[in-house]
Amino acid sequence: MARLQRNPGLFFAAHSVLAMVILLSGCDKPPTQSLDNAKARLADAGKAGAIRYAEPAYRKAEKLVQQGWLEIARQNGRLGPLRDYKTADSILALSILASQEAIAKTRDSLDRVSFKTRLGLEDLQKQIANWTESVNGSLARYKLERFANAAELQLHVAQNLHRRGEYDAALTALTKGNETLRQLSVLFADFADADARRLSIWQSWIDETLANSRATGGYALIVDKSAHKTYLIKSGRLAKSYNCELGYNSAHQKLLAGDGATPEGRYQVVQIKLRSSKYYKALLLDYPNDSDRKRFAENKRQGIISTRARIGGLIEIHGDGGKGDDWTEGCVALTNQDMDHILEYVTAGTPVTIVRKSVNWP
Amino acid sequence: MKKISAILAIFALLAIFAGCSKAPEAEMAAAQASLQAAQQAEAETYAPDALRMAQDTLNAATAAKTEQDGKFALFRSYSASKDMFVRADALLKQASSTAATEKEKVKAQVMELLAQAQAALDSANAAVAKAPVGKGNKADIELIKNDLAGVGVQFGDAKADFDAGKYMVAKGKVEAVITKAQSLMGEIAAAVAKKRTGSAR
């Protein structure tokens, strides 16, 4: 100390260094706890899935944490008395709020999308069940079942994706499934419209068949495709009804050989096969008749069917029915027992009228 | 003599400070590039914890550098922040590597499922192609062929998702393909039996 007092320069330097040490040590403390909290909340948001489900909110929180961190660093670089961490504190407080908001938005988004997917799955499953019931009972099953199956595949895909938490992809699959069912409903409605347009014609065929049977006192057969019934008529009155099975594609008129449709029209029995049929016993019909040939030629002319198409033939009412399904290539199938019964009354020349639908009879 | 020693000491001190006062720009740039690479490697999805740790180290390095930037030049020392940037760079590279490994694992799983699905579809298509068709099962076979076509489209969707790197979505779709293809094999067998015996569905 005496040495310092003897040397004023050295005395001044020593006091300057001491003053600088005091200045550099600073007064305000950096908010390290706030920074740790902010980092921890951001990590929570990341773990909750915010990067995926609430990315803008997550990135906002992330940016605020970085800004707060850098602001602390900037203040740390200043001389002690000049440091002010209030801004850094505010930024970090905002970042914690932003992280909490990101977590809330993530939960909300996940809840909504998970709920939406779950509802969508239930709805599609119900719709498919309803359509399957309608399709199974419909003449148009052959044409419509593929749509129901395609929708069901989309349902399974959506269920798998939902289980994996891939909700957006599950919703896309549900949308595809619903669109397929929409196409099914349009087709179903088209078939119904087509039926409605021809109802009066089929009804007139039935009326004429009944009138002729009444007039002659003889027998006739009427096949109602939609009802899957064959009716035995005697003297214009219903004598007996039989369940029957049809061509696998019988929702419309027969167009050509191999289309799987049972023809609609007014026919008669031309041959009775008691031993020579592959399907127990059979009544051969006179398909194609003049009306069928005329329609076939017109369809070719209009390009509805190929010019190379054949009209087909060998349409019968035969046995080996009772399979519970439309399985023939166009014939009408009854059980062997019902064939035996019908053969007691039907002969060659018996009129056979086949309609798609009847509403007023029997 | 004392004056010369003092001057030499001052110069030595200045030299030391000058060495420590060079900002670690190259190390920072390298770490930033590694961060971008890690993000492109989808480390956020496949190695989120490793990425988070690496990002924290990078942020700490940036903060340490910023702190030194604000100091008077003679009192700056970037050695700590330089070390931190180097460490952050190494961690980010590790995160990229971990992400690539994890992604490959998931990719391999889905590739195996795709192979299973392809085999199931090939079997079903071969079975339906040689199934005897006749009165009684023609409609069934036609419907199965149509369903198989639909499953084939779904398989194509799964492959497209796989090619786009959406492995979890692809996995969900391909599992449905496998299930449906196996179910159709059963339906083919039933249709063939129906043709042989003439029995109902």
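Read-outs throughout are calculated quantities, based only on the coordinates presented, and are distinct from any laboratory measurement. Here the structure is a predicted model, which is why all the values come from computation and not from measurement. FYI the Cβ positions are ideal-geometry reconstructions off the backbone, even for glycines, and counts take in every protein chain you see.
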Per the 1/(1 + (r/R0)^6) rule, R0 = 60 Å and r from the Cβ atoms of B:Ala164 and B:Lys3, FRET efficiency to 0.05 is 0.20
What is the dipole size for the protein assembly as shown, taken about its Cα centre, with +1 at each Lys and Arg Cβ and -1 at each Asp and Glu Cβ, in debye to the nearest 20? 740
Pull out a ≥ b ≥ c, the square roots of the eigenvalues of the alpha-carbon gyration tensor of the protein assembly as shown, then state rounded if a/c is under 1.5, prolate if not and a/b is larger than b/c, and oblate in the remaining case. prolate
Residues with amide H under 5 Å of A:Val270's amide H, sequence separation 5 or more or different chain, H placed in the peptide plane at 1.01 Å from N; which? A:Leu284, A:Leu285, A:Asp286, A:Gly349
Rounded to the nearest 10, the angle in degrees between the Cα long axis of helix A:86-136 and the longest principal axis of the Cα atoms of chain A comes to 10
Which pairs in the list A:Lys281/B:Lys135; A:Lys225/B:Lys173; B:Lys135/B:Lys159; A:Lys225/A:Lys281 are over 28 Å apart, alpha-carbon to alpha-carbon? A:Lys225/B:Lys173; B:Lys135/B:Lys159
What FRET efficiency comes out for B:Ala189 versus A:Leu343 if R0 is 41 angstrom and r is the Cβ-Cβ distance? Round to the nearest 0.05. 0.65
Sort all Cα-Cα distances of the range B:121-201 into consecutive 10 angstrom bins from zero, then give the percent of pairs in each bin up to the one containing the longest distance. 20, 43, 23, 12, 3
If I fit a long axis through the Cα atoms of helix B:138-163 and take the longest principal axis of the Cα atoms of chain B, what angle between them do I get, 0 to 90°, rounded to 10? 10
Enter the angle in degrees (range 0 to 90, nearest 10) between the Cα long axis of helix B:48-69 and the first principal axis of the Cα atoms of chain B, meaning the one along which they spread out most. 20
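Could you order peptides B:121-128, A:308-315, A:174-181 by the average number of other Cβ atoms within 10 Å of their residues, highest first?
Order by mean packing, descending: A:174-181, B:121-128, A:308-315.
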Between the DSSP loop rule and a limit of at most 13 other Cβ atoms within 10 Å, which GluC sites (Glu not before Pro) in the range A:42-131 are left? none
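Which of A:Lys39/A:Lys105; A:Lys126/B:Lys180; A:Lys240/A:Lys278; A:Lys39/A:Lys86 have a Cα-Cα distance over 22 Å? List each step's numbers first, then the result.
Numbers: A:Lys39/A:Lys105 19 Å; A:Lys126/B:Lys180 20 Å; A:Lys240/A:Lys278 25 Å; A:Lys39/A:Lys86 18 Å.
As for pairs spanning more than 22 Å Cα to Cα, those are A:Lys240/A:Lys278.
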Could you state the number of Å between the C-alpha centres of the range A:310-343 and the range A:216-242? 15
Pairs A:Lys143/A:Lys323; A:Lys47/B:Lys166; A:Lys60/B:Lys171: which exceed 22 Å Cα-Cα? A:Lys60/B:Lys171
Within 10 Å of the Cβ of an average residue in B:173-185, the count of other chain Cβ atoms is 3
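Give the peptides A:128-141, B:149-162 in descending order of average Cβ contacts within 10 Å, highest first. Mind dumping the intermediate values first?
Numbers: A:128-141: 17.0, B:149-162: 18.8.
Packing proxy ranking, top to bottom: B:149-162, A:128-141.
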Two decimals is fine: what's Rg over Rh for chain B, C-alpha atoms, Kirkwood radius as Rh? 1.48
For the range A:153-244, rounded, prolate or oblate, judged on the Cα gyration tensor with a ≥ b ≥ c (square roots of eigenvalues), a/c < 1.5 rounded, else prolate if a/b > b/c? prolate
